[in-house]
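> Shown below is the structure under consideration.
The values are calculated or read from the model by the stated rules, or taken from the named source; none is laboratory data. Everything numeric here is computed off the predicted structure, so don't read it as measured data. All Cβ positions, even for glycine, are placed from backbone atoms using ideal geometry, and neighbour counts span all protein chains on display.
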Amino acid sequence: MKKQKDTSAAADQVPEAPRLLVLHGPNLNLLGTREPGHYGSTTLAEINLALAHRAEAVGVQLEAFQSNHEGALIERVHAAQQQGVRYLIINPAAYTHTSIALRDALAGTNIPFVEVHLSNVHARESFRHQSYFSDLAVGVITGLGSEGYLLALEYLLSRIAAE
């Protein structure tokens, strides 16, 4: 007897890879040349490439988005919820200390996120010591340069593996 091929919709569905989004705030497009004493010499493209390679190696979809405009970052957070993004990594940059609107977008979408800062914000000017995001974040990595992004990714990959 010939075995029939299962043509049901369930048999055709392959589980979609988990989706992660990395958000970079204002002026991070200048990484590599902007104040390397604080931010290092690694470019944003190099950070994104390293993250993409690591995510691809474990079958996770990763997208990176940078904007110097608060509204564009907020709209990207809203879109992430609609797209089923499971986790975010965000470096809000200067918006860390000023953007209640971006904070509200993250709170409103309820997507877990790790907050990352290249420099040690606590060793800098006092206005940089306050974050509008840290109390919402599942974790904060500060002062470890571009490696902080990779550490945030590794943490989120471990959460995905545990799910």
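> Please state which of the following conditions Ile90 fails to meet, knowing it meets all the rest: (1) under 16 Å from Asn48 (Cα atoms); (2) part of a helix (DSSP H, G or I); (3) of a type outside the set (Phe, Trp, Tyr).
Just one mismatch for Ile90, condition (2).
> Has the range 65-76 got any residue that is touching a strand residue (DSSP E or B) at 6+ places or on another chain (Cβ under 9 Å) and touching a residue at least 60 places away in the same chain (Cβ under 8 Å)?
The answer is no, given that none of the residues of the range 65-76 is touching a strand residue (DSSP E or B) at 6+ places or on another chain (Cβ under 9 Å) and touching a residue at least 60 places away in the same chain (Cβ under 8 Å).
> Additional query: Restricting attention to the range 134-150, and to residues there that are in contact (Cβ under 8 Å) with a residue 12 or more places away in the chain and assigned to a helix (DSSP H, G or I), which single residue is surrounded by the most Cβ atoms within 10 Å (Cβ to Cβ)?
Tyr149
> Shifting gears a bit: I need the full set of residues from the range 55-95 which are over 14 Å from the mean Cα position of the chain (by Cα) and either among the aromatic types (Phe, Trp, Tyr) or buried (at least 21 other Cβ atoms within 10 Å of the Cβ) (or both), in order please.
Listed by number, the list holds a single entry, Tyr95.
> If we keep just the residues of the range 40-59 that are at pLDDT 95 or above and not in a helix (DSSP H, G or I), which is nearest to Leu30 (Cα to Cα)?
In this case the residue turns out to be Thr43.
> Right, another one. Answer with yes or no whether Leu156 is crowded, with 20+ Cβ neighbours inside 10 Å, in contact (Cβ under 8 Å) with a residue 60 or more places away in the chain, at negative phi and within 16 Å of the chain's Cα centre (by Cα).
When the stated conditions are applied, Leu156 passes them.
> So which residues in the range 105-133 are modelled with pLDDT of 95 or more and either exposed (fewer than 14 other Cβ atoms within 10 Å of the Cβ) or of a type in the set (Gly, Ala, Ser) (or both)?
Hits for the range 105-133 are Ala105, Ala107, Gly108, Asn110.
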